[in-house]
Every structure is written in C-alpha cells, then in structure tokens.
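Below: the structure, in structure tokens.
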Amino acid sequence: MKNINRILKSKIIGLLALLVMALPPFSGMVMANNSNKQVKQAPKKPYGKYLAGLHAAIHNDLGAAADFHEQALAIDPENRMILQKSFMLFIADGRYTQALKTAHKLDELGVSDSIIQMFLFLEQFKAGNHEAALSRLDNIGDAGVYGLFKPLFKSWVFMAQGKSAEAEANMDKLLASMGFKNFKKFHAGLFYDYYGKTQLAEKIYSESLIVAGTMTLRTIEAYGILLRRLGRDEDARQLYLNYLEKSPDNETLLRALYNVDNSVQAHPGITSEKDAIAEIFYTAANFLMQDNIRRPATAYLRFANYMKKNFYISDYLLGQIFEADEYYDGALKSYGRIGKNHPL
C-alpha cells in the first residue's frame, strides 16, 4: 500500500511540474477573468534605492549614495523625505546642479529648512540678483549658526549693492552682539579691509592678540598680509615668528615668512563679495573640524567652493575629510583640483 501511495504521489508531482512548465513565462503581467486584458504591473517603489543610498552614506561612499538617491527621485520625484536626504547628499558630493533642482522642488513643496533657503540665497547672490538674495535671507531662521551667518551675509549683499553705510551699520551691530567673538572679529577685519578702512581692520585684528591663543591661523595670515600692505613688513615678520614658536612646522606660516623675507608681493585675501561669502563657510568648517564635526563641515566647504573657484585651501580640507572617511574617490578629486604650483 505504501508503494502504491508513493507511486501516486510521484505521478501527481510530475503532472504538476508539467503544468508549471506549460505556463507562459512570468512577465510581471497577469490574466484576469480568462480575458485577453492584461493588468498593469504595480508601480515601482523608490525605497530600495533609497535604503541602498543610506547604506552607502553610512559607509561614507557619498558618490554611490548620491547615485542611489538620484535613482530613487526618478521613481518618486515628489517624496519629501527622499528629496531632503538627496539634497544633503548632492551638496556633500558637489553635485550643485542636482542640489539646486532639489532645493527648488523642496521650496515649491513648502519645505522651509534654513540650509535649503541658504543655498537658494547663494544661488541668487552668485547670479548678482541682490534683492532676490535679500528676500531669501528673510526665509532663513535665526537659531544657532544661522544667527551668525545672516548678518554677515547681509553686510556683503549691501556692499555688493553699493550701500556701504548700511553694510557698515550691520557689521557694527554684529560686532556688538554676544558670542562667536573670534569668528566675528576675523570677518569684520576682512570686511573693513575690503571696505578700505584698513586702519580699523588692523585695530580689529590686533584686538584679537590681547587674549593669548585666540587668534586663528587664518586670522594670523590675514593680519600679516594687511600689515605688509600697510608697509609694515617687520611687524608681519614678528607676528609669524611669534606663532611659529608654537607651531614650528606650520607650512602656512613658513610660507608667509618666506614671502616677507623674499619681498613677495602681498595680495588681499578678499577680492570680491563672493569671495567673502566663501570665506565665511570655510572659516565655519575650520571651527567645526577642531571638534571633528565632519558632515556639516563638508557641506560648508562645498558651499565655499560653490561661491569661489580655485579655492584650494577649501579643496585641501575637503580632501582631508574624505581621506579620513576613507572616501578615496572624493579625496582624490578634491586634491586633484589644487593647482600644481600651489604650495599645498
């Protein structure tokens, strides 16, 4: 009896296999009610690409992460969650065209994140649309670092418009406010130097020396250049030597000292309002990297590079971040943008 059951079972399985083989290949379409009408395949979902992008981002492969998010957006271009994450990844990987497109889409959808509005401000300011840029500034919140950025941005927009009195009043108000003293003094020094008030700029820089150890390398560099342009090469030389005692192998200071000793002409660090905006982001990234806060620093460096071409010190810091994250493709691209004859 058992043998008979085994034989019957074997034959039934064989028949079922033949029936399956006789069916047409699966093509994502099914027949309904024995008619010739085909039911359409279910719409694609973006979440596989989205999750793959998140996985790549976790492993610091920003290029792959941005690729996957771009594919996810192609499937679901209205998805706010994917749009927001994609925007940050496009910025981090330097894909400015995609980042702008995504930022405008988010703006249309009513997403008012300050970092998105800030990038849209940069777009307008870079294009010379100063009134539109000021309108974008009004959409940026005042919390955290934006409360520092906004007045600086506004001063440089006013300067670009030729409204020097408004620009100066705005800068003076910022200097009188609390917090971020070193950051503000550095950028006020750059501002008044660019404005032509070099004596005031020198006074602001020198005030940073009163409290030992508060002057950043970037401020030392800017102060030294200003001193040299005022015909005070020996003061600039002493400034560099004082700080080289603390950092004897610092290449930036050694190069600055070489320039003094060899009478290499000193040029202003800021030559346009756009340069000044780029410097704001670079300085912010430098401060963040003192605490190894890499992701926001990456975004700020990308903003800096968006505003200023051939900003090699920004490229160099970006390369260092990517190298530390083992994102070697990004590191090589960043280092590769640095001019061959540049000391970096």
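The values are calculated or read from the model by the stated rules, or taken from the named source; none is laboratory data. Just so it is clear, the structure is predicted and the values come from calculations on it, not from any experiment. No Cβ is skipped: glycine too gets one built from the backbone with ideal geometry, and neighbour counts run over all protein chains shown.
Considering segment 120-138, the residues that are at pLDDT 95 or above and among the acidic types (Asp, Glu) include one that is surrounded by the most Cβ atoms within 10 Å (Cβ to Cβ), namely Glu123.
Within the set Lys333, Lys309, Lys340, the sole residue that is charged (D, E, K, R) and part of a helix (DSSP H, G or I) turns out to be Lys333.
Residues being part of a loop (DSSP other than H, G, I, E, B) and either of a type outside the set (Ser, Thr, Tyr) or within 17 Å of His187 (Cα to Cα) (or both) are represented in segment 271-280 by at least one member.
What number of residues in segment 175-198 are in contact (Cβ under 8 Å) with a residue 60 or more places away in the chain and farther than 19 Å from Arg228 by Cα?
1
Can you tell which of Leu152, Leu209, Leu190, Leu148 is closer than 24 Å to Pro268 by Cβ, part of a loop (DSSP other than H, G, I, E, B) and of a type outside the set (Gly, Ala, Ser)? I'd like the intermediate steps shown before the answer.
Numbers: Leu152 fails: part of a loop (DSSP other than H, G, I, E, B); Leu190 fails: part of a loop (DSSP other than H, G, I, E, B); Leu148 fails: part of a loop (DSSP other than H, G, I, E, B).
Residue meeting the stated conditions: Leu209.
Return yes when Leu109 is without any contact (Cβ under 8 Å) to a residue 24 or more places away in the chain and either surrounded by fewer than 15 Cβ atoms within 10 Å (Cβ to Cβ) or farther than 22 Å from Arg295 by Cα (or both) and no when it is not. Spelling it out, it is not the case that Leu109 is without any contact (Cβ under 8 Å) to a residue 24 or more places away in the chain and either surrounded by fewer than 15 Cβ atoms within 10 Å (Cβ to Cβ) or farther than 22 Å from Arg295 by Cα (or both). Of all residues in segment 161-184 being part of a loop (DSSP other than H, G, I, E, B) and exposed (fewer than 15 other Cβ atoms within 10 Å of the Cβ), which is nearest to the chain's Cα centre (by Cα)? Out of the qualifying residues, it is Gly179.
In the set (1) part of a loop (DSSP other than H, G, I, E, B); (2) in contact (Cβ under 8 Å) with a residue 12 or more places away in the chain, the condition left unmet by Leu317 is number (1). For segment 88-101, the set of residues classified as within 15 Å of the chain's Cα centre (by Cα) and either assigned to a helix (DSSP H, G or I) or closer than 20 Å to Phe149 by Cα (or both) consists of Met88, Leu89, Phe90, Ile91, Ala92, Tyr96, Thr97, Gln98, Ala99, Leu100, listed by residue number. Does Leu244 count as farther than 26 Å from Lys308 by Cβ, surrounded by 14 or more Cβ atoms within 10 Å (Cβ to Cβ), of a type outside the set (Val, Ile, Thr) and at pLDDT below 95? Considered against the rule, which asks whether it is farther than 26 Å from Lys308 by Cβ, surrounded by 14 or more Cβ atoms within 10 Å (Cβ to Cβ), of a type outside the set (Val, Ile, Thr) and at pLDDT below 95, Leu244 comes out as yes. Being in contact (Cβ under 8 Å) with a residue 24 or more places away in the chain and out of contact with any Cys (no Cβ under 7 Å at 6 or more places or on another chain) is not true of Leu254. No other residue among Glu323, Glu279 is in contact with a His (Cβ under 9 Å, 6 or more places away or on another chain), among the acidic types (Asp, Glu) and at pLDDT 95 or above apart from Glu279. The set of residues from segment 165-178 being under 19 Å from Glu279 (Cβ atoms) and of a type in the set (Gly, Ala, Ser) comprises just one member, Ala167. Cβ-Cβ distances below 7 Å connect the following pairs, each with a first residue in segment 43-63 that is closer than 12 Å to Ser86 by Cα, a second residue that is among the small types (Gly, Ala, Ser), and a separation of six or more residues or different chains: Lys49/Ala72; Tyr50/Ala72; Gly53/Ala65; Gly53/Ala72; Ala57/Ala65; Leu62/Ala92; Leu62/Gly330; Gly63/Gly330.
Tally up the residues in segment 295-305 that are in contact with a Leu (Cβ under 8 Å, 6 or more places away or on another chain) and surrounded by fewer than 19 Cβ atoms within 10 Å (Cβ to Cβ), please. The total comes to 1. Take the residues of segment 194-210 that are under 26 Å from Asn129 (Cβ atoms) and crowded, with 16+ Cβ neighbours inside 10 Å: which is farthest from the chain's Cα centre (by Cα)? Within segment 194-210, the match that is farthest from the chain's Cα centre (by Cα) is Tyr195.
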